[in-house]
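This is the structure, below, for whatever I ask next.
Read-outs throughout are calculated quantities, based only on the coordinates presented, and are distinct from any laboratory measurement. What you see is a predicted model; the values in this text were computed from it and never measured. Cβ coordinates were reconstructed from backbone atoms using ideal geometry, including for glycine residues, and neighbour counts include every protein chain displayed.
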Amino acid sequence: MLPSIRRSLVFTLLSLLLVHVAGMPAPATDVTADIGGLSIGDIINALGIGLVQNISALITLESLTTNLIEQVSRHILIACSPLTLKYQYRLHRVSSLAGINNTVYASFDHTFDPPVVVRPLGTADSGTIDNVLLVQGAINSLNIIPLEELDLLDVNVSVRAASIDGFGGIPIPIDGLKQSDVPTTYNLDLTN
């Protein structure tokens, strides 16, 4: 599918969702973001749109004992760039399970403070995410480094759509996102 058609389709679907959500009498916390039994995550997955451009992880000597990656650096998330909308939105929270061949190697849950603001028709960098847990342990995770890619097995994000200058907006959870073969760079710093 052509990128422009894909973007138009996503924009149309999310616009319909915004109309659907805006017309609901329920409090914003009860919004499920489902359209006809499909979640926004299901639609994004079906279209093959990924949210992450690349991942850069810093593994330190301490990581070998704590099983925590000190830093997952910039460009981990191009805050919903494939969902390029004509409306501004804010990315508040992301949780992720990442791995290879359906085996989870990394897990994190991160709240952005302040939220990442994505301007209309734009992208944004999520910056650094600390304390990424190496579920299999650091030593057992070293064998995936030469693969230079990760699969995002389950990603959940919390956004506020149609915000104005980074304020307000309609809360929309986007759950169950998946993405394969995300380019991943591992930097080893094994000095004290």
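Which of the peptides 89-98, 52-61, 110-119, 137-146 is most tightly packed, and how do the rest follow, going by the mean number of other Cβ atoms within 10 Å of each residue?
89-98, 52-61, 110-119, 137-146
For A98, what is the net charge nearby, where nearby means another residue's Cβ is under 13 Å from its Cβ and Lys, Arg count +1, Asp, Glu -1?
It works out to a net charge of -4.
Subtracting the Cα-Cα distance from 0.36 nm times the residue separation, let me have the gained length for T128 to N101 in nm, one decimal.
7.2 nm
Separation of the stretch 146-170 and the stretch 119-143 by C-alpha centroid, Å?
The distance from the Cα centre of the stretch 146-170 to that of the stretch 119-143 comes to 13 Å.
Calculate, axis by axis, the spread of Cα positions in the stretch 111-162 along the three principal axes, and write the results as whole Å, longest axis first.
Principal extents (largest minus smallest coordinate, Cα): 43, 21, 19 Å.
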